[in-house]
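All remarks here apply to the structure that follows.
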Amino acid sequence: MIKKSRLLMALLALATTGPLYAGAPEWNQVPEILRRIVPPVFPPHDWVITDFGAVGDGTNDASEAIHRAVATCAQQGGGRVIIPAGVFLTGPIQLPGGVNLHLETNATLRFKTDSQAYLPAVFTRFEGIECYNYSPLIYARGQTNVAITGAGTLDGQATDETWLGWRGRKTALPGTQTAARKRLDTMNNEQVPVSERRFGAGDFLRPDFIQFNGCRGVLIEGVRIRRSPMWELHPLLCTNVTVRGVDIFSHGANNDGCDPESCRDVLIENCVFDTGDDCISIKSGRNNDGRRVGVPSENLIIRHCLMRDGHAGTAIGSEISGGCSNVFIEDCNMSSSNLLCALRLKSNAMRGGVEQNIFMRNVQVGRVADSVLQINFLYEEGARGAYPPGARNIVLENITVEHTPRVLNVTGFPAARISGIRIFDSTFKQIAAPDAVTNAGVQFVNCSLERRY
C-alpha cells in the first residue's frame, strides 16, 4: 500500500540551523555569473586537414597533418581547423590559443590506443593529484580562447583490451594502475615536489580524453564523445568555460562525463550524459595538493541536461579538498535503473573541503537506483584524518521523482559539518524504504511523499 503524507516540515536526525524560506534567493546570482561566461569568438579563417595530407580512411595516420593544420592556424592568427567527413586516425592533439578544432557532420577523429603515442608526459592531475603523465587525447595548457565544436565524433577507442584494462582492482596485478596510483597518493601525502612525480610507460595511469588546463575562454560544443580512457571532459584551473550540446556515451571505469576541477564561471547546458561514472562531477584537488593549490570550484551553472546511466546526475567530490561553492542545477531530466542518485556529495576526513551553496530546482527524475540526495562523508578513507569535510546550505526545490528506493542517503560523522539541507515543494513517489540519515539535519517543506513501505 502507498502511504501519502503532506509535510509542512519534517526534521530528520539533528535539527538544522538557519531560517526557513520559500526558495533560495541565491538564484539571483545566476544572471551575473552568466554575464561573465562568454564563449570565445574566432577569426573567420578555416584550415582543412585534408589540405595538409590527412586521409579519412580510418587507417592512415593523420597525426602529422593535423599538427601542421593546427600550427598553421595558430601562426596565421587563429580560426578553425576543420575535420571533414571521414574517419581520421590520430594521436594526441595539443591546441594553442585562438584555435577551434571543428568536426563537420560525419567526421570522426579516432584516437590511437598505442600508449607510447601519448608521451612525452605533460603536466596534469590524476584523480586530483598533480603529476606528469600521458598526454590527454586532446590537451591545452595555459591558453586563451580554445574550442572543440561541430557535429562530429571523438572516439577514444578505449576497451578492456586497451586503456580500460589498466583500471585494476584491490589487488595489484601486472598491467594495471594499482601500484602507480598508490605511489602517486603517497607522493601527495608526503609532499614530494611535483617535478619529481613522473609517470608514463609501465605505470598504467590512464589519460583524460579532453583536458583544458589553466585556460581562459573555453568552448566545447556539439560534438559526440565515445569510448574514453578515463574522465571525458576535464576543464582544470579554467575560467569562463562553456560546455554546450555535447553528447557523451562512454561506459568504462571512471568514465565521468564532465569534471570541472578548480574552475570558476562554468556553464554546462543542453548536454546528454550516459556514462560509467558520475555524469557531472565537480572537483578541486585531492588532499595536500587541493589544499596547497587552494583553488575552489565556484560559480557553476548546469541546466537543460539529460542524464541517463551514471553514478550521479551531478556529484561534488570526492577530490574536493579545495572546496566548492555556488552550484546551480536546473531544468534537467534524469532517469535510469543504473543512475544511483540525482545529487551526490562525497568526501572524507583526508580530503576535507567545504561544499556549500548548492542549489537544484525544477528537475524531473524518472528513476534512481539508490536515493535522490546522497551525501557520503565516509567515502573511502572515512573519518580517519585531520580534515573533516563540511556541507552547508544545500537547497532542492520543485524536484519530481517517479520512483526511488529512498529520498535521502546521508552519512556524516560527528566531526563533519552537515547543515542547512532543505527540500521545498517537491514530490517523491514510489518510495521503497525509509531514509538513511546519520549525523545530519534535513528539512522537508511542503513536500509530498508516497511511500510503499
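The values are calculated or read from the model by the stated rules, or taken from the named source; none is laboratory data. Computed from a predicted model, the values in this text were never measured in an experiment. In this analysis, Cβ positions are derived from the backbone assuming ideal geometry, glycine residues included, and neighbour counts consider all displayed protein chains.
Could you check the range 65-75 and list, in sequence order, the residues that are surrounded by fewer than 19 Cβ atoms within 10 Å (Cβ to Cβ) and not basic (K, R)?
Step one: filter the range 65-75 for residues surrounded by fewer than 19 Cβ atoms within 10 Å (Cβ to Cβ), giving 67-68, 71-72, 74-75.
Result: H67, A71, T72, A74, Q75.
In the condition set (1) buried (at least 23 other Cβ atoms within 10 Å of the Cβ); (2) in contact (Cβ under 8 Å) with a residue 60 or more places away in the chain; (3) aliphatic (A, V, I, L, M), I282 is compliant with all but (2). Scanning the range 215-271 for residues that are more than 23 Å from V293 (Cβ to Cβ) and of a type in the set (S, T, Y) yields S228, T242, S250. The range 258-363 holds no strands (runs of 3 or more DSSP E) entirely within its bounds that carry 3 or more residues that are polar (S, T, N, Q) and under 13 Å from the mean Cα position of the chain (by Cα). In the range 224-239, the condition of being closer than 18 Å to C131 by Cβ, part of a strand (DSSP E or B), more than 14 Å from the chain's Cα centre (by Cα) and in contact (Cβ under 8 Å) with a residue 60 or more places away in the chain is met by no residue. The lone criterion from (1) crowded, with 23+ Cβ neighbours inside 10 Å; (2) touching a Gly at 6+ places or on another chain (Cβ under 6 Å) left unmet by V372 is number (2). Out of curiosity, is V327 within 24 Å of P31 (Cα to Cα), hydrophobic (A, V, I, L, M, F, W, C) and either out of contact with any Lys or Arg (no Cβ under 9 Å at 6 or more places or on another chain) or buried (at least 19 other Cβ atoms within 10 Å of the Cβ) (or both)? Answer is yes for this residue.
Regarding A315, is this residue under 19 Å from I129 (Cα atoms) and not hydroxyl-bearing (S, T, Y)? So A315 fits the description; yes.
Counting just the residues of the range 270-323 that are among the β-branched types (V, I, T) and touching a helix residue (DSSP H, G or I) at 6+ places or on another chain (Cβ under 8 Å), which one comes out nearest to D370 (Cα to Cα)?
I320
Looking at the range 349-364, is at least one residue in contact (Cβ under 8 Å) with a residue 40 or more places away in the chain, among the small types (G, A, S), over 23 Å from R308 (Cβ atoms) and surrounded by fewer than 24 Cβ atoms within 10 Å (Cβ to Cβ)? Scanning the range 349-364 turns up at least one residue that is in contact (Cβ under 8 Å) with a residue 40 or more places away in the chain, among the small types (G, A, S), over 23 Å from R308 (Cβ atoms) and surrounded by fewer than 24 Cβ atoms within 10 Å (Cβ to Cβ).
Scanning the range 237-248 for residues that are surrounded by fewer than 24 Cβ atoms within 10 Å (Cβ to Cβ) and of a type outside the set (V, I, T) yields L237, N240, R244, G245, D247. For V410, the stated conditions hold: it is over 19 Å from G323 (Cβ atoms), of a type in the set (A, V, I, L, M, F, W, C) and in contact with a strand residue (DSSP E or B) (Cβ under 7 Å, 6 or more places away or on another chain). If a residue must be touching a helix residue (DSSP H, G or I) at 6+ places or on another chain (Cβ under 6 Å), in a loop (DSSP other than H, G, I, E, B) and under 18 Å from I148 (Cβ atoms), how many such residues does the range 50-83 contain? Number satisfying all stated conditions: 1.
Residue under question is E450, and the condition is that it be more than 24 Å from F377 (Cα to Cα) and of a type in the set (D, E); does it hold?
Working: more than 24 Å from F377 (Cα to Cα): yes; of a type in the set (D, E): yes.
Answer is yes for this residue.
In the range 197-205 there is no residue matching the filter, namely being part of a strand (DSSP E or B), crowded, with 19+ Cβ neighbours inside 10 Å and either at pLDDT below 95 or not basic (K, R) (or both). Selection over the range 76-93 of residues that are in contact with a Pro (Cβ under 9 Å, 6 or more places away or on another chain) and surrounded by fewer than 18 Cβ atoms within 10 Å (Cβ to Cβ) gives a count of 2. If you go through the range 41-97 and pick out every residue that is in contact with a strand residue (DSSP E or B) (Cβ under 6 Å, 6 or more places away or on another chain) and acidic (D, E), you end up with 2. Only one entry in Q143, Q177 is without any contact (Cβ under 8 Å) to a residue 40 or more places away in the chain, crowded, with 20+ Cβ neighbours inside 10 Å and at negative phi, namely Q177. Among residues of the range 249-267 that are touching a residue at least 60 places away in the same chain (Cβ under 8 Å) and surrounded by 21 or more Cβ atoms within 10 Å (Cβ to Cβ), those with a Cβ under 6 angstrom from a residue that is in a loop (DSSP other than H, G, I, E, B) and of a type in the set (K, R), sequence gap 6+ or separate chain, pair up as S250/R227.
Residues considered: P414, P434. Of these, the only one that is surrounded by fewer than 20 Cβ atoms within 10 Å (Cβ to Cβ) and farther than 25 Å from A349 by Cβ is P434.
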